[in-house]
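The values are calculated or read from the model by the stated rules, or taken from the named source; none is laboratory data. Every value quoted in this text rests on a predicted model; they were computed, and no experiment measured them. As a convention, Cβ positions derive from the backbone with ideal geometry for all residues, glycine included, and neighbour counts pool all protein chains shown. In case anyone asks, the SASA skips ligands and DNA or RNA and just uses the protein heavy atoms, side chains included. Shrake-Rupley method; radii C 1.70, N 1.55, O 1.52, S 1.80 Å.
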Amino acid sequence: MNWPVDLVVLGVAVATAGAVVWYHVRRGAAMHELLVAAEAAESEARRLLDELPEAVLTVDADLVVQSGNAAAVDLLGLDRDGGALHGTGVHLSDHLDPDERSVLAEAVAQVFAGVDVEPVQVHVYDVDFDPVMVEVSFHPARPGPGPAPDRLVVRLRDVSERLRHQEAMEQARHRFQQAFRSAPSGMALVRIDDGRIVDANQALADMLRIDAGLLVGCTLREFTHPDDVRAAQPHRARLELGIVDSFRIDQRYRRTDGEYVWARTRVAMVEENGVQLAVTHVEDVSEQRRSTARLRHAARHDDLTGLPNRRYLVQLLQERLVTVGIDDVAVLFVDVDHFKVVNDSLGHDAGDEVIRVLAERVRSALGPTDVLARFSGDEFIVATVAEPRALAERIREAVRVPIDVDDHELFVTASIGYATNHRLDATPSSMIRDADAAMYRAKARGRNCVEAFEEGGPRPGAEMLRLAGELRYGLERGEVVPYFQPVVDLQSGRVVSYEVSPRWLHPDRGLLNPADFLPLAEETGLLVELGGRLL
């Protein structure tokens, strides 16, 4: 069929018009979708900006605020509704310290001129008109090639807390330096990685007798006794591995004159500018250690003779008994005869001098492994692994040499008893007790002799204590009485005088002669009282 040309043209026109209408409808829908997406993106961007803790503003070249996030609104007290700042003429400069406005203006001008500008620090007055130190950084709104930006993104970062922290750190560093320099004891800062000293105070230099400047670059190991370097290595390893953060050790440091000083070293780890340092505190304790040694010596030794005292000897004897066999160790008990007479007649100073001389003489008779101790006033004890009788005889002979004291020549003798560890369960106390018993046997024999302890024999020490008690009570009860013996002139036969000698009317043993109890009275200090009873 042949359509009329007009109808065909009309149909084409209608179709074309329909296509145009359909195109515009579709284009409008796409634009709407684009607008909705743009608004959503803008809203999301605004939300993200508002969540930033820093204030973010957009400003033009005159520092007029175009927009700002929630932090900027809160900081500066701006009025914002629905994301837009209301009102015009809000200048960022109005919120700056007047003296600092030119600083910000110059920085903004340089940024608009295409110059990279470092952040600047200025004071911004907040909503309460309190100054807040902020760090301002600038970002062109359209970075990269193309037309110059017409506005800037300005970020205000509150650095007040950071500055306060830096100031506190500077103050702390200053205080540390003052304490470091003026500390009365030595201090050094030492690198952990190579052990080099990076700083040292004058007190440490004085201790080591070296210029403080010469210490920098050295290591403390160079001044430390080799034995103490090895002793400190485990502590330093634990510190470097982070197992501990400090340690303390006593060690010796060599001065430049070659002498060593004892120091108490305290080491603690710190970090400065990324470098791990050991703060080393070095306190001279040489005098303290000498005082401690003197006190320890005084606690273990006799003041008059310098010999070990009874307690120290017992400790040494106990250590020996652990490792020896039966009869391998002997104890000698040395008692000076008639020493009370020296004290009573010449005085205690003379008596002290006699004890000092006798101590040296007994020491001279000993072997290198023998130990001599002062047991009490006029008693000495010797611990030996040598043959005890031979040693006792040497001591007795050494003591017998006359002593010159205060223009007096004194002849002194000693009674010596000895005992060995003849039992498996022997103890220092039992050996001393046995040697003491043997010594009293020597005195009973007439003094100036040596006696060995006999197992199962009498113990003169215990007997002496019993008799001393009986004699004291006997004097109180009047049991000791005078006996008068006439002295007769042989030519004329006349009685010219009387001698008085004591007799003891013992309730159990009967009448005792002077020889039976006068030595006991002398040993126990009852002789003077006995003489007073007879007068």
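Data table
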{"item": "All positions within region 285-325 that are in contact with a His (Cβ under 9 Å, 6 or more places away or on another chain) and among the aliphatic types (A, V, I, L, M)", "result": "Leu307"}
{"item": "Some residue of region 356-368 being among the acidic types (Asp, Glu) and in contact with an Asp or Glu (Cβ under 6 Å, 6 or more places away or on another chain)", "result": "no"}
{"item": "Residues that are open to solvent by 30 Å² or more (accessible area, probe 1.4 Å) and assigned to a helix (DSSP H, G or I), drawn from region 389-400", "result": "Arg389, Ala390, Glu393, Arg394, Arg396, Glu397"}
{"item": "Residue pairs meeting the criteria (Cβ under 7 Å; at least 6 apart or on separate chains; first open to solvent by less than 40 Å² (accessible area, probe 1.4 Å) and in a helix (DSSP H, G or I), in region 152-171; second at pLDDT 80 or above and not hydroxyl-bearing (Ser, Thr, Tyr))", "result": "Ser160/Val132; Ser160/Met133"}
{"item": "Neighbours by Cβ (under 7 Å, 6+ apart or cross-chain): first from region 395-419, farther than 18 Å from Ala435 by Cα; second outside any loop (DSSP other than H, G, I, E, B) and of a type in the set (Ser, Thr, Tyr)", "result": "Ala398/Ser364"}
{"item": "Pairs, first of a type in the set (Lys, Arg) in region 368-389, second open to solvent by 10 Å² or more (accessible area, probe 1.4 Å) and assigned to a loop (DSSP other than H, G, I, E, B), C-beta under 8 Å, six or more apart", "result": "Arg374/Asp302; Arg374/Leu304; Arg374/Thr305; Arg374/Asn309"}
{"item": "Qualifying position, being surrounded by fewer than 17 Cβ atoms within 10 Å (Cβ to Cβ), part of a helix (DSSP H, G or I) and among the aromatic types (Phe, Trp, Tyr), among Phe176, Phe129", "result": "Phe176"}
{"item": "Any hit, region 212-221, residues being modelled with pLDDT under 90 and within 20 Å of Asn273 (Cβ to Cβ)", "result": "no"}
{"item": "Residues being at pLDDT below 90 and hydrophobic (A, V, I, L, M, F, W, C) - total across region 396-409", "result": "1"}
{"item": "Subset of region 181-210 that is among the acidic types (Asp, Glu) and either in a helix (DSSP H, G or I) or at pLDDT below 90 (or both) - its residue that is most open to solvent (accessible area, probe 1.4 Å)", "result": "Asp193"}
{"item": "Answer residue from region 401-453, given it is among the hydroxyl-bearing types (Ser, Thr, Tyr) and in a strand (DSSP E or B) and is least open to solvent (accessible area, probe 1.4 Å) among those", "result": "Ser415"}
{"item": "Residue list for region 483-535, filter: part of a helix (DSSP H, G or I), of a type in the set (A, V, I, L, M) and loosely packed, with under 12 Cβ neighbours inside 10 Å", "result": "Ala515, Val528"}
{"item": "Close pairs (7 angstrom Cβ cut-off, 6 or more residues apart or separate chains): over 15 Å from Ile395 (Cβ atoms) in region 321-346, assigned to a strand (DSSP E or B) and open to solvent by 20 Å² or more (accessible area, probe 1.4 Å) anywhere", "result": "Asp327/Thr420; Val329/Thr420; Val342/Leu410; Leu346/His408"}
